[in-house]
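Notes to accompany the following structure.
Any read-out appearing in this document is the output of simple, stated calculations on the displayed coordinates, not a laboratory observation. Bear in mind the structure is a predicted one, so any value in this text is a computation, not a measurement. Backbone-built Cβ (ideal geometry, glycine too); neighbour counts: all protein chains shown.
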Amino acid sequence: MEVMAASVFSTIIIFITVFSMIRVFIIAFKRKEISLRKFIIFTISSIVTGLIIASVLPFVYQKIFHYIY
């Protein structure tokens, strides 16, 4: 139960961070500070990194709670 709660709240924080970064990339693209190619690469890499971290976190939390208890 603790692992699920920690994973859910951490995933929410990760997705809020990723969406905030995407908003920053959109603003930078509209101001012509980054090119379309960089915008696409940065956006996709942020999403993929967030998904990877969010999918690995439950296993990490499970090991941490296993060591604690």
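Let me confirm something: among ILE34, ILE44, which residue is free of Cβ contacts under 8 Å to residues at least 40 places away in the same chain, out of contact with any strand residue (DSSP E or B) (no Cβ under 6 Å at 6 or more places or on another chain) and outside any helix (DSSP H, G or I)? First the steps, then the outcome.
Details: ILE44 fails: outside any helix (DSSP H, G or I).
After applying the criteria, what remains is ILE34.
When VAL56 is tested against (1) surrounded by 15 or more Cβ atoms within 10 Å (Cβ to Cβ); (2) within 27 Å of SER10 (Cβ to Cβ), just one condition goes unmet, and that condition is (1).
Being within 12 Å of the chain's Cα centre (by Cα) and among the hydrophobic types (A, V, I, L, M, F, W, C): is that true of ILE14 here? It is true that ILE14 is within 12 Å of the chain's Cα centre (by Cα) and among the hydrophobic types (A, V, I, L, M, F, W, C). Quickly run through segment 6-43 and pick out the residues that are touching a helix residue (DSSP H, G or I) at 6+ places or on another chain (Cβ under 6 Å) and either hydrophobic (A, V, I, L, M, F, W, C) or surrounded by fewer than 13 Cβ atoms within 10 Å (Cβ to Cβ) (or both). ALA6, ILE14, VAL18, MET21, ILE22, PHE25, PHE29, ILE34, PHE39, PHE42, listed by residue number.
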